[in-house]
Amino acid sequence: MLLAYVLKRVVLSILIIFGVIALSYVLIYIMPGNPAYTWVGKPKGPKAAEAIQIAVRELGLDKPFYIQLYEVTTRFFSFNWGVSLRFKQPVATIAIRSLVATLEVLIIAYVIAIPLGILIGSIAALYRSSLGDKAIYTLTSILIASPRFWLAALTLIILQALNVNVFGRIGVEYQPTITIVTGSYIIDSLISGRIDAFLDALTRTLPPALLVSLYPFALVVRIVRISLSEKLHEEYFRQALSYGISGWYAVKRYALRSVIPVLAQIMGITIAYSLVDVATIESVFGREGVGIALAKAIPYNDYPLIIGLLTVVSIAFIISFTVADIVHKLVDPRVRI
Amino acid sequence: MDINSESIVKAEGLSIGYETDEGILWAVKEVSFEVPKTSVFCIVGESGSGKTTLGNAISGLLPPYVLTQGYLVVDNIVVINNDKNNLKAARGIAVRIPQNPSSALNPYLKVRALFEDVMKSKAKNVSKAEVREAIVKYLSIMQLDEEVLELYPYQLSGGMAQRVAIALALAAKPRIIVADEPTSNLDAYLRSSVGSLLKRLIEFGITVIVITHDIVFASHVCNYIVVMYGGRVVEVGKVEEVLSQPLHPYTMLLIEAATLKKVFTNSMRVSAIEGVGESGCVYKSKCPYRVNTCQAVPLLKYVSKTHGVACWRAVT
Amino acid sequence: MLESRNLVDVRSLWVSYRKPKWGGLRSSEIYVLKDITFQVGYGEVYGIVGASGSGKTTLLKSILGLVKPRKGKVFIGGKDIYSSSDAYKEVMSKIGYVSQDPYSSMDPRMKIGDIVGEPLRILKAPSATIAKYVEKVLELVHLSTSVIDKYPYQLSGGMLQRVAIARALILKPQLILLDEPTSFLDVVTQAEILAILKELRDITGCSYIIVSHDLSVVAYLSTKIAVLLRGYIVEEGAVNQVLYRPLHPYTQLLVESSKYIKSIEPEFSDVGCPMHKSCPWASSICEQEMPKVSMVNGAKVRCWKYSGGVQS
Amino acid sequence: MAIATIIVLIVAISIVFAYTYYITPSRPLPSQLTTPTPTQPLERKEKIAVYAYRDVITGIDPGAEDDIGIIVLGLVYEPLLYYNPLTKEFKPALAVEWLKVNDTAWLFKLRPNVRFHDGSLLTADAVRFTIMRNKALYNEKGVGCGWIWDSVEDVIPLNNTAVLFKLRYPAPLDLVASAAYSAYIYCPNVMKYANASSLTDDSIRMWFEQGNYCGTGPYKIVSYKPESEVILKKFDEWWGWSIIDNQNAPDTVIIKIVEEPAQQELGLVSGNIDIATNIPKTSIPNLLRLGYKVYNATFYYNFILMFNVRKWPTNITEFRKAIAYAIPWNDIVPVAFQGYGRLGSGLVPYGFPGHVEGLHYEYNLTKAKELLKSIGITDAKLELVITSGYEEEERFAQLLKASLQQIGIEVNIIALPWEQVKEKGMAVWSNLEEAPHIIVNDWWPTYATPYDFLYLLHSNNTVWNWSGYVNPDYDEIIDEAFVIEGRDYEKALNLYVEAQKTIFDEAIALNLCDSVHPFVYDSDKIRFREGAFNPMYSFVIFFQYVEVLT
């Protein structure tokens, strides 16, 4: 059964990645611009046209579209992601360092959003229709609808006025003192044993992470609120009460537990939304990230980089979906992988 | 209010209702009865008779927004005192056995964890060994193997799940077990086995309250019987008395219908608008013997020490 | 095609479904009905008793042509319902069906009158005729005509089940299939419905096939009873024979538990006779093979005890 | 990211800023902001300077790069000489003496004991290697600015520190050697490091672009993320440290890519950016009030409006002239450039050799109308392509649109990213349908020759000649001027002026503005010494001449 699950997952993942590659290549193909020109280094002079011709051949852009598509996909699946046309650096390098920067924000955001959301959502469910519940409901409605980039700009300016420095990923004074291992300043500063740098990096990551967490937080609150109040009417919850199991313990073990699979599934999807959110917010806070890298790659038809970034993002998705599935399985014994 | 030391549950003028758009809907109306200690006590009625609400009141499972009147005392605890209620106090003392055991056991936990949760809620400082010992004891009472402990509820058959639910109820060390339609989801041959299991619980000093629509099942299991209709108690008494000498027309109908002896064609032509009357005897619209006096609510009158009936015909 | 004296003739029917294995990579075949053979005569009421999972509902579905059998044939009125779609359509117009849950079998947005008249409306009968027929069948099930303008949620369970019966009757069927017609109802209502069904049979003279887990329900209506166990008919006989002289140990168990005489929880097996683990007469052959049908005093039974496999 | 998002973001930030600075001027907030107190848990030994640029680094191969990579290359590599066209002074870099032996022979004496970043010594061979590779790159692949060495026939190392340039035709080699592109000397060892088989082997380029380097400059690359930031560290063995004696030179230079002007401003105010290159011009007065300083740099950076001369109606000289008279010339500098610039004249910017004064049209709508009447055009629709994110161009486009409306000409403004602007510009040769009528190009020179600007309209130049202008006479004039630069500089300059007049008379391309670029910086932390900027080397800050105060 496990084998079948893994097999299914792998096949599905390959299909998704194939789809991403094919679709992005099609889009790039129909977009105006000449990748060969960028690749060869914007040549000038009498040899320019010839050089571009050579580059077109090198990149295989003269071949029929379906052959190009075939070559691009096979190249990506053989883990030869190639070199960014614009930056001349390996795509994997750029994609991974962008992803690490984004994940810094994203992971902290979800680490904040999920437990806090569960707590607040549970309170709302337990005191359904109370004033507090209504307040929470209104607040989450506002949070879900709020324009995050606006909030981001506002937050940044307010923090600035309060003399809290949150621009960029780490203070410039710390930057040279840290040896880069993982690419995440938060982790690398700890590895370098620089607690002060760690705190600085964390301080700078928190505001964007908090902003990114608003949406998943509001969503978690809502899901928990609705499904928990459903579960509180569930036969086995009432049965547990009858057995004399009471209070928060009963809620936790007999109601909340069954909310987690739903939550895990929805969070797996929400990450997609948050990735878009992250891109906007990161640019306000002067951080690096996948979204920003993508914005820099697209106008140049830097298709290896575009595809690389999208593939990395899809892999991140697939991982989050799989994690959601595994969480579901761990919590609910009736689901078999 | 005084409580007979011989009874463990006492209801007096108990009404339970809910607020709806059309005003208050009383599911249980002015019900009075006493449940003798260590007896099997049946509440019989069809759906909508208020029997499940009554069972939930005894086991403390009414929702917080419920409206109450009258008194309900469970094991010397005043659970309902007019509009004040302390429903939580009854939980763990009067334990409900679910109608559908497979949906009433937490699907996310193994049977062992369910046992541990129940036992820990009763006594905080029990050692692991004690817990294990107790679990084994309850399982053996219910003729279950220890293997079930490692199973999840979805892996149990209906009969096994029912017995696990009863074993869990025992682990909660209750004074009362309320069995709500314990057989409705079971195959015929399992019904009799559940019935005999329930009867055995008396040996542990537990009072069993069985809620059922099946008067035949009730007659095989119970010592006492309360027949409810339209939220009211229409007849009460020892099982022999009620079965051999049913006084209320509804009780008679129940017995005859259950044994499929007679067909009541005269009760069939009931139009959709006619239902349970707003005033008067709850059964008047279906009663073959109805007379003018049925416009008033008959009080429960005792014809013997234990046998009571709420019917004008029986009284006059 | 041989003209049959029987309305329904089921001949050695096998029904299976595929259960996915290896996450859908392979599947195994699970038989839910095995070698089912029985006949229902005109005007006869055939009762089938069985526990949950015995295959009762599948059996009804295969008579209704909703399940394609692996082997075997179903003749209704002498026509093989699986032979052609024309035959199927013709046969189906003569069959009424009443399900166990009246609520879910009705469109909540339709009025009762429309629900009952629907089969006629599909046949494009004039509306005056429909109205007349609707009133007539409602009268047959003892419902007042005031329900015609009501919606399903306004009626009680017993009334709805009567509406379902009325709907089944409106095309004047020769056969009505009843799938647990009373299991959702209270004892009193159950008795009412059963009484109506009995009355209707006398009036219309049509045949019933009634399926239930409750022996007393089946016994009340039927002229002949079959006991279904794990996809096999293990016993078939006249009502009195089955109720008072049950042959098969499983039938005996059913009869006894309906009278609260004995309480056994049988453990069923997937190999051999399903009953062998809880059977007082079981011998080694019961563990290996399902016996063939043998005739005992006019009743059919599948038990080694009666086919010489067990020395008693 | 959607353009709309960016715009809303800018608006949002601007509104809040406006609120902060204008509505509540009495608040003591500005004074708080002027004293940026970066969290200083440790005594800062490192002197760090953060320089924000608005575009990604396009590459760091010193032989192939011809764009923004210069801001890194200028610190990591050095040419033989530096030249400042404003003062017309040469400054010795890797060469200490140079001599024009005759018209076709130049001798350069190299600075002794200069070491490359890999520890090897600078030799005459390195100079030869550099020039040969750069030439080959241009000739074989069209990459880089190797054409500046076109006149060089051979480079002959005389000994370790002396090198002789043999020319095919006379050329001002001192000017060539001080070029901003393709004149940086790098180490021949790169062949070895990159496992290259030939001078033009792609592996060398790849080796560089991975963040590798081997120059002689005062800074080394520590971390190279072209899309976001480059970290440079002081090269302690640099020969110049002892000469310039700058104890406060930054130990670390961080070049941060911050695209949004509003974000650069935020970064500056928060102390995360020390020098910003792209602050909204409207914010500068406020920043000055807050105590920030502005260095107005001249980089010979101008904005040239080019007409498409192959497409109706801009193929009609009178029509082009009419437009030229309708351009609100007096508003360009104060409105479009917010005062940061000088009205353009001719094609060559002010201060650069070959500049002509007074070669610009006047704003005269009546004349414009007359001209239109003379050719019988009463209304027309024009496409104007500008680069998105260039606020000067955007404001200019609006001015032009409003003005042309008055003479019945409708302008459709299309703002595109730079690379796509280029595609549109080149379309004049390949796909005329796609080419716009008017396009704005921004330009800065490779080395100090007017040819660089005038080549924009050379008929051979299908990459940058977005006018599609073909005039063999014009080509001849500038080609001749270029060739005689080394022999008769005066005459060459006269020819260049003549060429510019031709372009002006025909109204092919008009220099709108020689822009002045404001560098806004934190004056409490950063002090520029003389030499920190050189107009020849656009956007390079020579950090060896920058003091970082703590």
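If you scan the range B:193-220, which residues turn out to be small (Gly, Ala, Ser) and open to solvent by 10 Å² or more (accessible area, probe 1.4 Å)? Once the filter is applied, which keeps residues that are small (Gly, Ala, Ser) and open to solvent by 10 Å² or more (accessible area, probe 1.4 Å), the range B:193-220 yields B:Ser193, B:Ser196, B:Gly205, B:Ser219.
Condition check ((1) part of a loop (DSSP other than H, G, I, E, B); (2) of a type outside the set (A, V, I, L, M)) across all residues:
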position: C:Lys89; (1), (2): no, yes
position: C:Tyr97; (1), (2): no, yes
position: C:Ser104; (1), (2): yes, yes
position: C:Arg109; (1), (2): yes, yes
position: C:Gly113; (1), (2): no, yes
position: C:Pro119; (1), (2): no, yes
position: C:Ala125; (1), (2): yes, no
position: C:Ile130; (1), (2): no, no
position: C:Val134; (1), (2): no, no
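Residues to consider are D:Ala499, D:Ala415; find the one that is away from chain A (no Cβ under 13 Å), small (Gly, Ala, Ser) and either under 30 Å from D:Asn330 (Cα atoms) or open to solvent by less than 10 Å² (accessible area, probe 1.4 Å) (or both). Steps first, please.
On the way: D:Ala415 fails: away from chain A (no Cβ under 13 Å).
Being away from chain A (no Cβ under 13 Å), small (Gly, Ala, Ser) and either under 30 Å from D:Asn330 (Cα atoms) or open to solvent by less than 10 Å² (accessible area, probe 1.4 Å) (or both) holds for just one of D:Ala499, D:Ala415, which is D:Ala499.
The set of residues from the range B:41-65 being away from chain C (no Cβ under 14 Å), over 13 Å from A:Leu241 (Cα atoms) and assigned to a loop (DSSP other than H, G, I, E, B) comprises B:Pro64, B:Tyr65. Scanning the range C:47-64 for residues being open to solvent by less than 20 Å² (accessible area, probe 1.4 Å) and assigned to a helix (DSSP H, G or I) gives a total of 5. Looking only at residues of the range A:85-128 that are in contact (Cβ under 8 Å) with a residue 12 or more places away in the chain and of a type in the set (S, T, N, Q), we find that the one that is surrounded by the fewest Cβ atoms within 10 Å (Cβ to Cβ) is A:Ser122.
The residue of the range C:136-181 that is surrounded by the most Cβ atoms within 10 Å (Cβ to Cβ), among those that are assigned to a loop (DSSP other than H, G, I, E, B) and of a type in the set (Lys, Arg), is C:Lys150. Screening A:Ala55 with (1) surrounded by fewer than 18 Cβ atoms within 10 Å (Cβ to Cβ); (2) within 13 Å of chain D (Cβ to nearest Cβ); (3) among the small types (Gly, Ala, Ser) gives one miss only, at (1).
All told, A:Trp81 meets the bar of being open to solvent by less than 70 Å² (accessible area, probe 1.4 Å) and part of a loop (DSSP other than H, G, I, E, B). Restricting the first member to the range C:29-46 and to residues that are open to solvent by 10 Å² or more (accessible area, probe 1.4 Å), and the second to residues that are of a type in the set (D, E, K, R) and assigned to a strand (DSSP E or B), the beta-carbon pairs closer than 7 Å and six or more apart or on different chains are C:Glu29/C:Arg18; C:Ile30/C:Lys19; C:Thr37/C:Arg11; C:Gln39/C:Asp9; C:Glu44/C:Lys224.
Look at the range A:246-261 and say how many of its residues are at the interface with chain B (Cβ under 7 Å from one of its Cβ atoms) and either surrounded by 20 or more Cβ atoms within 10 Å (Cβ to Cβ) or outside any helix (DSSP H, G or I) (or both).
The number of residues fulfilling the criteria is 3.
Note on the range C:264-298: residues that are of a type outside the set (S, T, N, Q), open to solvent by less than 30 Å² (accessible area, probe 1.4 Å), within 26 Å of B:Leu186 (Cα to Cα) and free of Cβ contacts under 8 Å to residues at least 40 places away in the same chain amount to 5.
Scanning the range A:244-284 for residues being small (Gly, Ala, Ser) and either more than 26 Å from the chain's Cα centre (by Cα) or not assigned by TED's automatic domain parsing to the domain that holds A:Ile114 (or both) gives a total of 5.
Residue pairs whose Cβ atoms lie under 6 Å apart, separated by 6 or more positions or on different chains, with the first residue in the range D:64-83 and under 22 Å from D:Pro250 (Cβ atoms) and within 11 Å of chain A (Cβ to nearest Cβ) and the second hydroxyl-bearing (Ser, Thr, Tyr) and open to solvent by 10 Å² or more (accessible area, probe 1.4 Å), are D:Gly69/D:Thr58.
Inspect the range A:299-306 for any residue being β-branched (Val, Ile, Thr), in contact (Cβ under 8 Å) with a residue 24 or more places away in the chain and open to solvent by 30 Å² or more (accessible area, probe 1.4 Å) and give the result as yes or no.
Filtering the range A:299-306 for residues β-branched (Val, Ile, Thr) gives A:306.
Restricting the remaining residues to those that are in contact (Cβ under 8 Å) with a residue 24 or more places away in the chain gives A:306.
After this cut, where a residue has to be open to solvent by 30 Å² or more (accessible area, probe 1.4 Å) as well, the list is none.
The answer is no; no qualifying residue exists.
Taking the range A:230-245 as the range and being within 12 Å of chain B (Cβ to nearest Cβ) and part of a helix (DSSP H, G or I) as the test, the residues that pass are A:Lys231, A:Glu235, A:Tyr236, A:Phe237, A:Arg238, A:Gln239, A:Ala240, A:Leu241, A:Ser242. Just one residue in the set B:Asn100, B:Asn86, B:Asn82, B:Asn106 is surrounded by 22 or more Cβ atoms within 10 Å (Cβ to Cβ) and of a type outside the set (A, V, I, L, M); that residue is B:Asn106. Consider the range C:184-194 and keep the residues that are facing another protein chain (nearest Cβ under 9 Å) and outside any helix (DSSP H, G or I). The one that is farthest from C:Met92 (Cα to Cα) is C:Asp186. The single condition from (1) more than 14 Å from the chain's Cα centre (by Cα); (2) of a type outside the set (D, E, K, R); (3) open to solvent by 10 Å² or more (accessible area, probe 1.4 Å); (4) over 23 Å from C:Phe268 (Cα atoms) that B:Tyr224 fails is (1). Picking from residues in the range D:426-466 that are open to solvent by less than 10 Å² (accessible area, probe 1.4 Å) and part of a strand (DSSP E or B), the one that is farthest from the other protein chains (Cβ to nearest Cβ) is D:Ile438. Checking each residue in the range A:73-104 for being away from chain D (no Cβ under 14 Å) and not small (Gly, Ala, Ser) picks out A:Thr73, A:Thr74, A:Arg75, A:Phe76, A:Phe77, A:Phe79, A:Asn80, A:Trp81, A:Leu103. State which residue pairs qualify: first residue at the interface with chain D (Cβ under 10 Å from one of its Cβ atoms) and free of Cβ contacts under 8 Å to residues at least 40 places away in the same chain and inside the range A:17-38, second residue open to solvent by 20 Å² or more (accessible area, probe 1.4 Å) and assigned to a helix (DSSP H, G or I) in any location, beta carbons under 8 Å apart, and separation of 6 or more residues or different chains. Pairs found: A:Pro32/D:Gln420; A:Pro32/D:Glu423; A:Tyr37/A:Ile52. Scanning the range C:65-77 for residues that are within 16 Å of C:Ser12 (Cα to Cα) and either out of contact with any Asp or Glu (no Cβ under 9 Å at 6 or more places or on another chain) or open to solvent by less than 20 Å² (accessible area, probe 1.4 Å) (or both) yields a count of 7. Do you know which of the residues in the range D:467-482 that are closer than 23 Å to D:Ser151 by Cα and touching a His at 6+ places or on another chain (Cβ under 9 Å) is surrounded by the most Cβ atoms within 10 Å (Cβ to Cβ)? So the residue we want is D:Ile478. Quick check on the range A:40-49. Is at least one of its residues more than 9 Å from chain D (Cβ to nearest Cβ) and not acidic (Asp, Glu)? No, the range A:40-49 has no match at all.
Filter the range D:302-317 down to the residues that are of a type outside the set (Lys, Arg), under 18 Å from D:Val411 (Cα atoms) and over 25 Å from the mean Cα position of the chain (by Cα) and list them by number.
Initially, the range D:302-317 is screened for residues of a type outside the set (Lys, Arg), giving D:302-309, D:312-317.
When the remaining residues are screened for being under 18 Å from D:Val411 (Cα atoms), the result is D:304-309, D:312-316.
Result: D:Val309, D:Trp312, D:Pro313, D:Thr314, D:Asn315, D:Ile316.
The values are calculated or read from the model by the stated rules, or taken from the named source; none is laboratory data. Note that the coordinates shown come from a computational prediction; the quantities given were computed from them, not determined experimentally. In this analysis, Cβ positions are derived from the backbone assuming ideal geometry, glycine residues included, and neighbour counts consider all displayed protein chains. Accessible surface areas use protein heavy atoms only, side chains included; no ligands, DNA or RNA. Shrake-Rupley method; radii C 1.70, N 1.55, O 1.52, S 1.80 Å.
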